1. Antiparallel DSSP bridges in the range 131-233: what percent, to the nearest 5?
2. May I ask you to order 122-130, 103-111 by the average number of other C-beta atoms within 10 Å around their residues, highest value first?
3. Fully extended, how many nm does the chain gain between Met143 and Ala240 (0.36 nm per residue separation, minus their Cα-Cα distance)?
4. Spin-label point model (7 Å from Cα, Cβ direction): what's the Val185 to Ala124 distance in nm?
5. By how many nm would the segment from Ala93 to Gln50 grow when fully extended, if each residue of separation counts as 0.36 nm and the alpha-carbon distance is taken off?
6. To the nearest 20 Debye, how big is the dipole of the chain about its Cα centre, given +1 on the beta carbon of each Lys and Arg and -1 on that of each Asp and Glu?
7. So for the chain, taking the charge dipole from beta-carbon charges (+1 Lys/Arg, -1 Asp/Glu), which of Ile189, Pro43, Ala178 sits furthest toward the positive end?
8. Straight-line reach only, C-alpha to C-alpha below 20 angstrom: list the lysines that Lys70 could link to, leaving out same-chain residues fewer than 8 apart.
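Rule-based calculations on the coordinates, nothing more; no lab input. Since the structure is predicted, the reported quantities are computational estimates derived from the model, not experimental observations. Neighbour counts run over all protein chains shown; Cβ positions are idealised from the backbone, glycine included.
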Amino acid sequence: MSKKTIVWSPSRIRTLNECPRRYVHFHVVGNGGWPGGPRAKDPKVAQAWQLGSKRKNSDLMLRTISDGVKDWVLMKFRGEKWVEHSAKNEMTARMRCNLKENCGEVDDDLIKNMISDGFPRLSALERAPLLSQLGSERVDEWMPLNRLEPHWVGNSRVYTVPDLIARIGEKWHLVRLASQIWRRVPSEIQQLELGVMLKWALEEPSLPNSADQFVIHRIGWVSHRWLGWRKRGSAVWNDASKIMLAHDLKELRFMHLASQSNASLDDLATNETKQHCSNCGYRKECPSS
């Protein structure tokens, strides 16, 4: 297996930590098994990808909200008017598509309830920390970025790009947006994951080459409103995040090399607490269940 298949992102690391068994089957065995993927004609690979891509309805809603947030930010940047009716129609269409791809069935009552629960997050963006200041005199310049644009660390692909960047005075603000968080202040490991944005920024030739010229933000939905957390960048934070990233890549590479595509369920570690099993497509065939 090519080393270039190693991909780092916070979501992949969470999957690996929650259940190595699920990680291997989805990201190793199922790698390339998506419809139209390079290995989709291999039944074992295609099934592994299909099972691994299964998500709870609440996760599908959060994914739909994230797409709506991206739309809102892009329209703000272009100076276009955000229309609630149009945004709700777009969210409904995306929700229907996500449900159909996930389980093949579309329940209109379920969609109605999910839109009722999720749409207020979009309509409240205008009051979110920092986002409410975009386009005002307080923000000198800003632009949205493609969070899914990969960068290379050796032979590994990593996702370190912020959702948007803004310059306020002499500081550059790197912003990560989250459609759901459980508390305003990120955990220690989450702060290290946020710190990888410093690596991206310091490697951009058009940006300052000093970590303390940046401010890291996480803006996320908690309970019933958008809350923000911010911290000034530092060389110490940047170094600690790079150490974490190197450790994560080592763990990911080990899992790929040790497992390959012939991994057996019985030989893989699993989530002993079963805390995340309800969100796993493999639970019906998993020996530990």
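1. Just about 75 percent of them are antiparallel.
2. The peptides rank, most packed first, as 122-130, 103-111.
3. Difference between extended and current length: 32.2 nm.
4. It is 2.1 nm.
5. Gain on extension, Ala93 to Gln50, equals 13.3 nm.
6. The dipole of the chain has a size of about 220 debye.
7. Checked the options; the winner is Pro43.
8. Lys81, Lys88
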